[in-house]
Amino acid sequence: MSVIFKPLESYRDDFTYHNSAQAISRFPFPFPEDNYMYSVNIEPATPREPGSVFSHWFDIDEHYLSEMAERSIVLERDPERCLVMPHMATAAWDTLEMLMTHMAADYPEHFSLSREGERWTWINRPLGIEQAFTFGDADTLPCEPLEYITRQTQGDFALLDQRDGNLFMDAGMVTCPADWSIKFDAGMSFTQWHAPVPMAHQMGVFERALKYLLNIQVDHPVRRLNWTLTVNPRMDTSSETYHEWGQERALVNAENVASMVHLRVELQFMPRLPRSNALLFGIRTYLISLEELATNPAWACRLHRVLRDLPDAIADYKGMTLYRQFVVDWLSQYDPEVVVA
Amino acid sequence: MNSPIEVRVAAVTQITPVIREFTFEPVRGALPGFSSGSHVVVHMPVGERSVRNAYSLLSNPAQTQHYRIAVRLQDESRGGSRYMHEQVKAGDLLQVSPPANLFAPNSQARHHLLIAGGIGITPFLSYLPELQARDASYSLHYAFRGGFTDAYLDSLRENLGTQLQTYDSIQGQVLDLATLLASQALGTHVYVCGPQRLIDGVRVHAEQLGWPEIRVHWEVFAAPEPGHPFVANLARSGLTVEVASDSSLLEALEQAGVEIPNLCRGGVCGQCAVAYLDGAVEHRDAYLSATERSNTVMPCVSRGLCGSALLLDL
Ligand code: HEM
Ligand code: FES
């Protein structure tokens, strides 16, 4: 089924972003159980049922136009959200090739790619782009290749150089991170950029995860889900703009909680980049308000139990301590055990 | 897990009296791309057995229309190199595993010191276009028996000039590893591929000179996974499951209709843990503690040791 794009909505200021019923039905609800603890929740990225967010390598949905407009706004204010260290140039071209090839194959009504040797032509119909260029020659594109293609693809991307038995964040396009910064993490290793995460290091989660990632082979990508809560449907919750969104956590109250608080789910997708041997880390972010989420009462019930019982260290790290009780109280109406008691 | 790709042999070229080059093209679709230092595993039907040998890809990673490998005829081989030399002709179809890379150049090296012995030249042939494109500092030291294992010598001479040093054992030229390694600038990474003696020599001298381990690289190939065939008996259901050499215990159980929870299928998530009551296990996971290993097995990666049947609590 062909994706139909909504007219432009905003992820800032007046926050007009909403999900259609269809978007809600395909939302990647991240909890397989009534409780949550960090684990090595990685699986081979085998395609799932058509129409789901797991059916293609790079999911395009109804928010495409809005998300690309939001990325332009962020980049205009802060061009350094896209960075490519010189030794990552091949990985940037690898990424461009992978994104263009998959988007053209999976969404032929929106994108097409024709290749004659190194002479390529890319067409992006929704954004009205037709670009002829020479693969490998950055001067034939309007900007650096990673920036070029990720301005046209939903989700953030980090490109990890693999060396010394570790992964290094040496390139990326990061305009919608959940409270971190590509500028701060640039050049860091897997172990270093994960340092702020509580509990997981002691549990050996990162050691095992890294081992697995280092072994990812060409054409055998893996995926995992991560989640947090965000106040307002704000995409750009990066460290750089903390002063713009941090105080919104104090604005949540019993009346506005259901429309203001959003479950933020990241579908993380990790393929090996063939030419450069770098690892691509795609972070595709899905936002849903509690109100929208509760149209599926089973989700609301489960989220109630997860948030109620979440260890404080994790709740603190995810930045929800200030308003967590409002969320738990509101969700409790969907939990039969609570209602009966 | 990694289903093999079918390729057609597009060309066979004799490079030296004991080294043959094979060019593979895709039978359908395009070949997966690869990076410098990658290898493929070629599956060969030798008699009753299927022999699998790993070979470095020696073509330029920028050109993925075909793969090229070179095979040295080994005296006491399991039959793989003999099969490649004597049986495989242009037009034949072969199965190869998708490329994997356990020998990639390090992006941060100040200088790349490449040391090849004989057929060990092959991975460096895929390094050179990449290092040259990056304008990286490198030198190649190539030891061989002239007229016998000196594959690609002429084109290397032409292409590399003074960045190439050669050592022909027929002419009594000796590669003095101690002196070579001692004279390297700080921040150099050394890469070695060739006979075990050469690899050991580089590792020993580098260690004696105090090189950090992460700056010393030698070619390793992915182990021929999964492994030896074995039998698993299921204590509770009474089923007997034969695990073939190209299948994991988890896959064999699934095929027998036994569902085991699983996620990563790579020995790290802990989901697939199964208790075993008897038998010896080759543990390959990164999840279980030493004590847990005495009674638990991760069937996505681990196997029964050859010859001993495994009794599972299933
Ligand atoms: C190479 C790919 C990966 C990248 C680039 C990446 C990046 C990040 C970053 C930037 C953070 C935020 C850290 C901060 O607070 O500053 C984070 C958090 C985290 N990462 Fe990763 N990560 C990767 C893979 C993984 C994998 C495979 C796991 C598997 C267990 C994992 C588990 C986590 C967890 C549990 C958190 C805390 C998230 C939360 O509680 O909200 N990461 N990651
Ligand atoms: S499936 Fe993850 S350890 Fe076996």
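The values are calculated or read from the model by the stated rules, or taken from the named source; none is laboratory data. Keep in mind the model is a prediction, meaning the values are calculated, not measured. Note that we place each Cβ from the backbone using ideal geometry, even for glycine, and neighbour counts take in every protein chain shown.
What the table below lists for this structure:
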{"quantity": "Meets criteria (within 13 Å of chain B (Cβ to nearest Cβ), within 20 Å of A:D156 (Cα to Cα) and outside any helix (DSSP H, G or I)) for A:L225", "calculated": "yes"}
{"quantity": "Test result for B:V258, more than 16 Å from ligand 1 (Cβ to nearest atom), crowded, with 18+ Cβ neighbours inside 10 Å and under 24 Å from A:Y212 (Cβ atoms)", "calculated": "no"}
{"quantity": "Boolean, A:S276 is surrounded by fewer than 22 Cβ atoms within 10 Å (Cβ to Cβ) and either part of a helix (DSSP H, G or I) or not charged (D, E, K, R) (or both)", "calculated": "no"}
{"quantity": "Which listed residue, of A:P79, A:P44, is surrounded by fewer than 19 Cβ atoms within 10 Å (Cβ to Cβ), more than 19 Å from A:G128 (Cα to Cα) and either modelled with pLDDT under 95 or within 14 Å of another protein chain (Cβ to nearest Cβ) (or both)", "calculated": "A:P44"}
{"quantity": "Selection status of B:S81, within 19 Å of the chain's Cα centre (by Cα), surrounded by fewer than 17 Cβ atoms within 10 Å (Cβ to Cβ), of a type in the set (S, T, Y) and closer than 25 Å to B:H228 by Cβ", "calculated": "no"}
{"quantity": "Residues that are among the hydrophobic types (A, V, I, L, M, F, W, C) and at pLDDT 95 or above, drawn from region B:199-223", "calculated": "B:V202, B:V204, B:A206, B:L209, B:W211, B:V216"}
{"quantity": "Region A:314-341 residues that are closer than 20 Å to A:W299 by Cα, paired with ones that are part of a loop (DSSP other than H, G, I, E, B) and not aliphatic (A, V, I, L, M) (beta carbon under 8 Å, 6 or more apart)", "calculated": "A:A315/A:T321; A:F326/A:N253"}
{"quantity": "Any hit, region B:242-252, residues being surrounded by 18 or more Cβ atoms within 10 Å (Cβ to Cβ) and within 14 Å of chain A (Cβ to nearest Cβ)", "calculated": "yes"}
{"quantity": "Residues within region A:82-99 that are closer than 16 Å to A:R151 by Cα, outside any helix (DSSP H, G or I) and within 13 Å of chain B (Cβ to nearest Cβ), tallied", "calculated": "1"}
{"quantity": "Any chance B:V268 is at pLDDT below 95, surrounded by 21 or more Cβ atoms within 10 Å (Cβ to Cβ) and away from chain A (no Cβ under 14 Å)", "calculated": "no"}
{"quantity": "Some residue of region A:61-79 being part of a loop (DSSP other than H, G, I, E, B) and out of contact with any helix residue (DSSP H, G or I) (no Cβ under 7 Å at 6 or more places or on another chain)", "calculated": "yes"}
{"quantity": "Any hit, region A:194-214, residues being more than 19 Å from B:G267 (Cα to Cα) and either in a helix (DSSP H, G or I) or within 14 Å of another protein chain (Cβ to nearest Cβ) (or both)", "calculated": "no"}
{"quantity": "Some residue of region A:205-219 being over 18 Å from A:I24 (Cβ atoms), surrounded by fewer than 18 Cβ atoms within 10 Å (Cβ to Cβ), modelled with pLDDT under 95 and in contact with a Pro (Cβ under 7 Å, 6 or more places away or on another chain)", "calculated": "yes"}
{"quantity": "Residue list for region B:263-284, restricted to those being in contact (Cβ under 8 Å) with a residue 12 or more places away in the chain and within 16 Å of ligand 1 (Cβ to nearest atom)", "calculated": "B:C264, B:R265, B:G266, B:G267, B:V268, B:C269, B:G270"}
{"quantity": "Failed criterion for A:E248 (all others in (1) more than 14 Å from the chain's Cα centre (by Cα); (2) closer than 19 Å to A:Q268 by Cβ; (3) at pLDDT 95 or above hold)", "calculated": "(2)"}
{"quantity": "Region A:135-192: number of residues that are of a type outside the set (S, T, Y), near ligand 1 (Cβ under 10 Å from one of its atoms) and closer than 15 Å to A:R81 by Cβ", "calculated": "14"}
{"quantity": "Within region B:32-51, considering residues that are outside any loop (DSSP other than H, G, I, E, B) and buried (at least 20 other Cβ atoms within 10 Å of the Cβ), the one nearest to the other protein chains (Cβ to nearest Cβ)", "calculated": "B:S38"}
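So that you can scan it fast, the table gives a plain yes or no per residue for (1) farther than 30 Å from A:M203 by Cβ; (2) in a loop (DSSP other than H, G, I, E, B); (3) under 17 Å from the mean Cα position of the chain (by Cα):
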{"residue": "A:S112", "(1), (2), (3)": "yes, no, no"}
{"residue": "A:G136", "(1), (2), (3)": "yes, yes, no"}
{"residue": "A:E147", "(1), (2), (3)": "yes, no, yes"}
{"residue": "A:L167", "(1), (2), (3)": "no, no, no"}
{"residue": "A:G172", "(1), (2), (3)": "no, no, yes"}
